[in-house]
Amino acid sequence: MDLLGFIDHITIISALFFIFGLVLIVVEMFYPGFGAPGTIGVILLFFAVSMTAKTVLEALVLVGIILVILGIVLKMVLQSAKEGRLAKTLVLSESLRKESGFSGTEDLREYLGEEGIALTPLRPAGIAEINGAKLDVVSEGEFIEKGRKVTVIKTEGRRVVVREIRE
C-alpha cells in the first residue's frame, strides 16, 4: 500500500515546514549569530501551524508542542554551553596576563619621582608636562596653580598623582 495515498500534499508540506523550522531554530541556538536561521525557522513554524490547525484550539496545542520541544532543546544547549562542546567555542579559555608581557593600560611608572610643571590649574585634575610629555595628572587633593613645579608621587595604571614642590 502506498503511504502517500493516505496523506495529502498539504500535510506533507506542513510536516516539512515543521521539521525544517525546528532544525533552523536549533541551528540558531547552537550557532548564535545574525539570526537568519532562527527567523526563517519561526516563519516556517508559523506556516506549519497555520496550514495544519483547523481550529484555534488545535493551533494552541501545536504551539504548546513546539514550545515544549524548543524548551527541551534549549535546556540541552544551555547544558552544552556550561560544560560541553559549545562551552569551548563560546567561552574564552585563554587570558592575557602581565607575566606574559600584556599590559591593558599604558604603564606610567617610569614617571615616578620625576618633576615637571603644571600646564593647567590642578583642581585636583589637570595637565602637567613631565619629561617633555603632557600627562593627565591629579593632585593629592589640594589646588595647584598653573606654572608651579610638581613631582610625581604615585602612579596607578593611567592615574598619575602629583604633589607641588615647595621651595
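The table below gives the values:
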read-out	value
E114, E99, E28 arranged by Cβ crowding within 10 Å, fewest neighbours leading	E99, E114, E28
Contact order relative to length of the chain, as percent, for alpha carbon pairs under 8 angstrom and 6 or more apart	13 percent
Dipole magnitude of the chain, debye to nearest 20 (Cβ charges: Lys/Arg +1, Asp/Glu -1, about Cα centre)	200 debye
Relative contact order (%) - the range 109-164, alpha-carbon pairs under 8 angstrom, separation at least six	35 percent
The range 3-90: C-alpha gyration tensor shape, a/c 1.5 cut-off, then a/b vs b/c	prolate
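Rule-based calculations on the coordinates, nothing more; no lab input. Predicted model only: the values in this text are computed from it and were never measured. Reconstructed Cβ throughout: ideal geometry from the backbone, glycine too, with neighbour counts over all protein chains shown.
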